[in-house]
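What follows is a short report on a single structure.
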Number of protein chains: 2
Amino acid sequence: MSIVKIVEVGPRDGLQNESKIIPTDLKTNFINNLYKAGLENIEVTSFVSPKAVPQMSDADKVCSNIDLSKFNASVLIPNLKGIKLSKRHDFNEICVFTTTSEAFANKNTKCSLPESYQRIKEIFSHIENNQKVRGYLSTVFGCPYEGDISIDKVLYGVEKLFAMGCYEVALGDTTGIGSPDKVLKILEKIKEHFEISKIAMHFHDTHGMGLLNVHSSYEQGVRVFDSSAGGLGGCPYAKGASGNLATEDLCHYLNERNIKTSIDLKKLVQASKEIFEFLGKSSMSKVNQYIVRSHEL
Amino acid sequence: MSIVKIVEVGPRDGLQNESKIIPTDLKTNFINNLYKAGLENIEVTSFVSPKAVPQMSDADKVCSNIDLSKFNASVLIPNLKGIKLSKRHDFNEICVFTTTSEAFANKNTKCSLPESYQRIKEIFSHIENNQKVRGYLSTVFGCPYEGDISIDKVLYGVEKLFAMGCYEVALGDTTGIGSPDKVLKILEKIKEHFEISKIAMHFHDTHGMGLLNVHSSYEQGVRVFDSSAGGLGGCPYAKGASGNLATEDLCHYLNERNIKTSIDLKKLVQASKEIFEFLGKSSMSKVNQYIVRSHEL
């Protein structure tokens with residue numbers, strides 16, 4: 001078992017930020033190959049409104065075409081309708097989300113913050129006994145609409161998610177504005193109130209600070225990190241868009257620190273290859289590119 | 001005055017690793033625009049054999065076309081012939097180089113390590129009274145031919161360069177294999193023997209660890225960093241090639257830490273734009289790309 005838990009969010013957070021609709025079979029190949037590359041925790045899709053996120057409209061098909069029992073498969077659920085739709089499939093883990101910011105809740109989920117927690121409560125009422133629930137708290141380092149976010153709002157969100165029954169809370173740097181000093185400031189406070197082993201960090205690499213933020217989080221005791229194969233997500237041509245921290249970069253960092261992972265980096269690079277080719281772009285991960293060059297993949 | 005000194009090596013270390021020969025006027029525009037973006041220390045070219053590095057064959061023209069008195073202009077000099085050629089121009093600073101590795105010296109400079117130091121000695125005999133000399137020690141984190149490099153070889157190199165008269169020694173992570181733990185291990189030893197204020201770090205971003213290594217070095221007291229505008233250097237299509245740490249990424253990191261620099265990031269991005277267009281590729285710097293998207297440059 002790895003000391004560090006990596007949660008692969010490429011098939012969901014990565015792909016949902018790609019505007020070009022990817023065929024279902026490419027998505028299922030991607031997920032299967034991620035599993036074969038050694039990823040043990042994969043968020044496979046989201047049962048979200050197809051109008052809100054067209055890329056996830058084949059969620060049901062994706063889940064039918066993969067063997068969810070082979071790995072710790074999780075799915076993002078936004079509301080009551082979503083949890084009901086997910087019932088056709090056997091998920092170990094359900095992911096719910098909210099934010100620190102009233103403005104972000106309004107813009108991104110078309111509801112107020114209290115309504116956002118109400119939705120999570122409704123989802124919880126349909127959770128099976130054998131299912132774990134993971135909570136995402138987004139915009140912890142700041143909100144694109146509200147700006148700075150007070151530490152109290154972060155602590156309130158984490159507290160609520162744990163109180164409702166989440167076993168783990170992922171702190172999301174939604175717009176990639178985190179920095180080592182901000183990480184330190186937030187995690188010092190988090191550690192005063194919560195067990196650090198139950199906290200995950202979810203970084204976007206907008207300004208190339210993802211790995212540095214992982215490092216600072218690791219130094220504070222965090223051992224769970226979200227990342228996306230190849231740094232999928234966002235689009236180099238879309239204003240302000242940004243991808244998740246690349247799983248390759250995260251793994252290379254861990255390898256360099258002699259922190260064991262179960263991941264075969266070459267297979268990981270190959271797992272996202274078909275997707276990048278379909279999207280007509282290259283991975284922005286330096287490690288991905290290095291492996292492509294070195295092995296002529 | 002900035003707390004951190006940034007040495008812009010794009011026009012030399014960046015460009016010399018680009019195989020497509022760039023017209024002289026693009027190089028001089030690049031250097032002038034780097035200066036206008038606020039860079040105070042720029043290594044403008046190298047008086048090296050045109051056979052060895054065809055990209056630097058216009059060194060004399062480049063130096064004639066820019067006003068070297070406007071900023072701290074430095075030049076890389078490999079040997080006696082190089083220092084003689086440089087005399088036509090008025091440089092504040094001369095850069096010399098050697099390595100920790102006998103194999104690297106043989107392969108890259110076609111001489112033994114003792115001969116490498118002999119060349120530096122010859123260069124020093126032609127240094128003007130008003131000129132400072134900066135020493136590069138490459139492969140401090142390991143050699144592509146010899147593998148691991150003992151800390152004693154690093155200390156020996158730094159000692160020799162200071163003893164010969166260098167005012168500053170830049171430790172080069174030539175192949176981008178540095179990591180926070182390696183940085184810590186080397187700098188702890190360096191600090192036992194030398195003033196940390198005289199040590200610069202020169203990282204390549206092969207595996208996306210450049211900024212993380214800067215952070216670890218900064219924590220150890222280093223305040224001088226080399227970087228290249230846009231992360232120029234290396235080629236995404238050449239096996240194992242890699243660029244320097246991007247100056248944009250370095251500046252963004254420093255800004256995020258409230259460490260003052262004199263650099264205008266938007267102007268910095270514009271400075272390398274023409275070069276990247278000529279090379280037919282995009283900067284691999286996330287900060288560069290973010291600024292291009294945000295300002296539609």
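The values are calculated or read from the model by the stated rules, or taken from the named source; none is laboratory data. Because the structure is predicted, anything quoted here is derived from the model rather than measured. Backbone-built Cβ (ideal geometry, glycine too); neighbour counts: all protein chains shown.
Filtered by the rule that a residue be within 11 Å of chain A (Cβ to nearest Cβ) and more than 24 Å from residue B:218 (Cα to Cα), segment B:242-285 gives B:281, B:282, B:283.
Among the listed residues A:178, A:172, identify the single one that is within 14 Å of chain B (Cβ to nearest Cβ) and under 23 Å from residue A:17 (Cβ atoms). After ruling out the rest, the residue left standing is A:178.
Listed by first and then second residue, the pairs with beta-carbon distance under 6 Å, at least 6 apart or on different chains, first residue in segment A:38-51 and in contact (Cβ under 8 Å) with a residue 12 or more places away in the chain, second surrounded by fewer than 18 Cβ atoms within 10 Å (Cβ to Cβ) and outside any strand (DSSP E or B), are A:38/A:262; A:38/A:264; A:47/A:85. The one condition from (1) within 11 Å of chain A (Cβ to nearest Cβ); (2) of a type in the set (Gly, Ala, Ser); (3) free of Cβ contacts under 8 Å to residues at least 24 places away in the same chain that residue B:163 does not meet is (1).
Within the set A:137, A:76, A:113, the sole residue that is over 22 Å from residue A:176 (Cβ atoms), of a type in the set (A, V, I, L, M) and surrounded by 15 or more Cβ atoms within 10 Å (Cβ to Cβ) turns out to be A:113.
Exactly one residue out of A:30, A:104 is surrounded by 18 or more Cβ atoms within 10 Å (Cβ to Cβ), touching a residue at least 60 places away in the same chain (Cβ under 8 Å) and within 20 Å of residue A:232 (Cβ to Cβ), and it is A:30.
Screening segment B:224-264 for residues that are surrounded by fewer than 16 Cβ atoms within 10 Å (Cβ to Cβ) and hydroxyl-bearing (Ser, Thr, Tyr) and picking the one that is modelled with the highest pLDDT gives B:262.
The selection criterion, being within 16 Å of the chain's Cα centre (by Cα) and part of a loop (DSSP other than H, G, I, E, B), does not hold for residue A:15.
Taking helices (runs of 4 or more DSSP H) as the structural unit, those lying wholly within segment B:138-256 and holding at least 1 residues that are within 21 Å of residue A:209 (Cβ to Cβ) correspond to B:180-193, B:210-219, B:247-256.
Annotation: of all residues in segment A:270-285 being part of a helix (DSSP H, G or I) and without any contact (Cβ under 8 Å) to a residue 40 or more places away in the chain, the one that is surrounded by the fewest Cβ atoms within 10 Å (Cβ to Cβ) is A:277. Taking the listed residues B:201, B:209, the one that is free of Cβ contacts under 8 Å to residues at least 40 places away in the same chain, facing another protein chain (nearest Cβ under 10 Å) and buried (at least 24 other Cβ atoms within 10 Å of the Cβ) is B:209, with no other qualifying. Scanning segment B:257-269 for residues that are in a helix (DSSP H, G or I) and farther than 22 Å from residue B:213 by Cβ returns B:266, B:267, B:269. For segment A:28-59, the tally of residues that are under 14 Å from residue A:82 (Cβ atoms) and not in a loop (DSSP other than H, G, I, E, B) stands at 6. Does segment A:73-87 contain at least one residue that is touching a Cys at 6+ places or on another chain (Cβ under 7 Å) and either more than 26 Å from residue A:231 (Cα to Cα) or at pLDDT below 95 (or both)? Within segment A:73-87, not a single residue is touching a Cys at 6+ places or on another chain (Cβ under 7 Å) and either more than 26 Å from residue A:231 (Cα to Cα) or at pLDDT below 95 (or both). Scanning segment A:1-12 for residues that are crowded, with 21+ Cβ neighbours inside 10 Å and either modelled with pLDDT under 95 or in a loop (DSSP other than H, G, I, E, B) (or both) returns a single hit, A:9. From the list A:123, A:127, which one is among the hydrophobic types (A, V, I, L, M, F, W, C) and assigned to a helix (DSSP H, G or I)? The conditions single out A:123. Determine, yes or no, whether residue B:295 is facing another protein chain (nearest Cβ under 9 Å) and touching a residue at least 12 places away in the same chain (Cβ under 8 Å). Taking the combined requirement at face value, the residue does not satisfy it. Can you confirm whether residue A:183 is β-branched (Val, Ile, Thr), facing another protein chain (nearest Cβ under 9 Å) and out of contact with any Lys or Arg (no Cβ under 7 Å at 6 or more places or on another chain)? Considered against the rule, which asks whether it is β-branched (Val, Ile, Thr), facing another protein chain (nearest Cβ under 9 Å) and out of contact with any Lys or Arg (no Cβ under 7 Å at 6 or more places or on another chain), residue A:183 comes out as no.
Within segment B:96-112, how many residues turn out to be closer than 20 Å to residue B:81 by Cα and either part of a loop (DSSP other than H, G, I, E, B) or in contact with a Pro (Cβ under 6 Å, 6 or more places away or on another chain) (or both)? Qualifying residue count for the region: 3.
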